[in-house]
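One structure below.
The values are calculated or read from the model by the stated rules, or taken from the named source; none is laboratory data. Since this is a predicted model, take the numbers as computed values, not measurements. No Cβ is skipped: glycine too gets one built from the backbone with ideal geometry, and neighbour counts run over all protein chains shown.
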Amino acid sequence: MSLANPFLISALIAVLLTAIATGVVGTLSVANRMVSIGGGLAHAAYGGLGLAFLLGWTPLPVAILFTLFFALALAWLQERVHEPSDTLTGVLWALGMAIGILCIDLSRRYAGDLNAILFGSLLAIPREDLVVLGILDCLLVPAAALFRRSLLALALDREFAEVSGLPVRALRIGLLVAVSLSVVLLMRVVGLVLMVALLSIPGSLSLRWSRSLGRAMLLSGVLTLVFGLAGLWLSWRFDLSSGAAIIAVAGVVYLIATLRSRK
Amino acid sequence: MTAAFRLDHVAAGYGPIAVLEDASMELPVGGLLGMIGPNGAGKSTVLRLLLGTLAPFRGTVEVLGTTPRLARKRVGYVPQTLSVARDLPATLLEVVTTGFVGLLPPWRSPGAPERERALAWCERLRIAHLAGRRLSELSGGQLQRALVARALVREPELLLLDEPTANADARAEANLFDLLSDFSRDRTTVLVSHDVGVLSRHVRSIACVGAGRIVHHDGPEIPAHALEDAYGCPVDLIAHGHPHRVLSEHEGCDHDHGGEA
């Protein structure tokens, strides 16, 4: 496959746009201990896709609305019930998947396209998905730059931020919405199952290696880009699944870095 | 005259359990109040009520003449260091400048005047030379002073501190209390501590929290019966020197007592 190949060009653009989005959202997810919530929302999105498949509707808007509903329901439950957040997230995770599978069962049709979404199809990403990803980046980057101090205060010490009058609830909901939109829109690139890795690995490494939250977001984007290009090359060279190859590269780097910095 | 805070027959707790059953107290503006009591007596519950993060089951809580939530911008809070995510990439100065949250719009970053004010407080707390150091590179005592500076940059009318001397050495502790005494001339400071000895050396009055109630003693001297009421068991109280107080160990009571030898 040459560099002039339109599939490869689309894939490279997708990796770049993904790097920008996960640079922001992944770093903030790790800093705010929201990685498992991101995973839960990624799987909730599958429920939305199943619902769209059952009803014969366009998948993307249904998945976005469905995931946003789950995100807001989680925020509401976290404030109103005495239940650990990770338990609520686990229930959300399982429920989203179950709804998706039940909807597919009820449709009595073959869900080949849904499996592609589950595991990603970077080399077959359509142009309109690239446009939507670009729009997401255009929203995420200025918002993160504008609210970076408030987001740092929130991540550093949520209790202090709340009692000091920072609109903690609005910021948390904003973060959940950003994570929801990102996981749904990035599912074409790496797939829902592997989404959690991009939300956690580059952000975790960059927070460790940076001296400020802003620089961590930048580094996280660069790391995602490097992992993406390396995974894409492996995928092309050895005929592997692109999403899985990207995550394998990221996972190996994470393990080496973590073992080198152990206590 | 407006009180720094007022608790009026307050019952409060978590879920169905009431930690405070009938707590009443009014603290006038100005001075340094020490709050003591055994673990689980309700010291943190009182702080949460004053911060507005916990609503009472019954009774009323008033802070600076209004509700705790409305008073938030006029209140400073120093939590225990455990509440801070030390693994995040932030310098000491960045942490101190997060004290301006709630005072500036959420989209505005602190500018040069705010940074100068933050550095001035760091100077007074003797941590200015650590301004560029990462959180993970700070000792517990240095981080604690950074959290005090973070609260003080807000120039609050009411300052609430939760165990601020837990990681401090003797010199840092003396420096902190000198600063708090100075700060509390025309403002109010409430300091929660297990260390009765530390409190009695520096505070103007003491509140004992225990058995679901608060008993406020005007003056740093604590009658033995007040400690017995708070801790729910007999105590030996020995005063010597500055004054120092010693609560001797005894059987038949599993509370984690303060005191010093």
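A few points about this structure:
- In segment A:252-263 there is no residue matching the filter, namely being touching a residue at least 40 places away in the same chain (Cβ under 8 Å) and buried (at least 22 other Cβ atoms within 10 Å of the Cβ).
- Any chance B:Leu125 is within 14 Å of chain A (Cβ to nearest Cβ) and surrounded by 16 or more Cβ atoms within 10 Å (Cβ to Cβ): no
- So A:Leu41, is it in contact with a Gly (Cβ under 9 Å, 6 or more places away or on another chain) and surrounded by fewer than 24 Cβ atoms within 10 Å (Cβ to Cβ): no
- Failed item, numbered, when B:Ser181 is tested on (1) out of contact with any His (no Cβ under 7 Å at 6 or more places or on another chain); (2) away from chain A (no Cβ under 14 Å); (3) modelled with pLDDT under 95: (1)
- Restricting B:Asp178, B:Asp169, B:Asp162 to those that are within 30 Å of B:Thr2 (Cβ to Cβ) and in contact (Cβ under 8 Å) with a residue 12 or more places away in the chain reduces the list to B:Asp162.
- Qualifying residues in segment A:1-34 (those that are touching a residue at least 24 places away in the same chain (Cβ under 8 Å) and assigned to a loop (DSSP other than H, G, I, E, B)) - the one surrounded by the most Cβ atoms within 10 Å (Cβ to Cβ): A:Met34
- Residue in segment A:50-65 that is under 30 Å from A:Leu219 (Cα atoms) and surrounded by fewer than 14 Cβ atoms within 10 Å (Cβ to Cβ) present: no
- For A:Val184: the one exception among (1) more than 9 Å from chain B (Cβ to nearest Cβ); (2) surrounded by fewer than 21 Cβ atoms within 10 Å (Cβ to Cβ): (2)
- Checked against (1) assigned to a helix (DSSP H, G or I); (2) free of Cβ contacts under 8 Å to residues at least 40 places away in the same chain, A:Leu68 meets all criteria but (2).
- Segment B:49-73: number of residues that are touching a residue at least 24 places away in the same chain (Cβ under 8 Å), surrounded by fewer than 18 Cβ atoms within 10 Å (Cβ to Cβ) and within 14 Å of chain A (Cβ to nearest Cβ): 2
- Residue that is more than 30 Å from A:Gly214 (Cα to Cα) and either touching a residue at least 40 places away in the same chain (Cβ under 8 Å) or hydrophobic (A, V, I, L, M, F, W, C) (or both), where the choices are A:Gly112, A:Gly100, A:Gly134: A:Gly100
- Options A:Gly243, A:Gly231, A:Gly191, A:Gly221; residue that is without any contact (Cβ under 8 Å) to a residue 40 or more places away in the chain, more than 14 Å from every other protein chain (Cβ to nearest Cβ), crowded, with 20+ Cβ neighbours inside 10 Å and not hydrophobic (A, V, I, L, M, F, W, C): A:Gly231
- In segment A:197-213, the residues that are among the small types (Gly, Ala, Ser) and at the interface with chain B (Cβ under 9 Å from one of its Cβ atoms): A:Ser206, A:Ser210, A:Ser212
- Within segment B:141-177, the set of residues being more than 13 Å from A:Phe160 (Cα to Cα) and either of a type in the set (Lys, Arg) or more than 15 Å from the chain's Cα centre (by Cα) (or both) comprises B:Gly141, B:Gln142, B:Leu143, B:Arg145, B:Val153, B:Glu155, B:Asp169, B:Ala170, B:Arg171, B:Ala172, B:Ala174, B:Asn175.
- When segment A:17-32 is filtered for residues that are small (Gly, Ala, Ser) and closer than 18 Å to A:Ile173 by Cα, the ones remaining, listed by number, are A:Ala21, A:Gly26, A:Ser29, A:Ala31.
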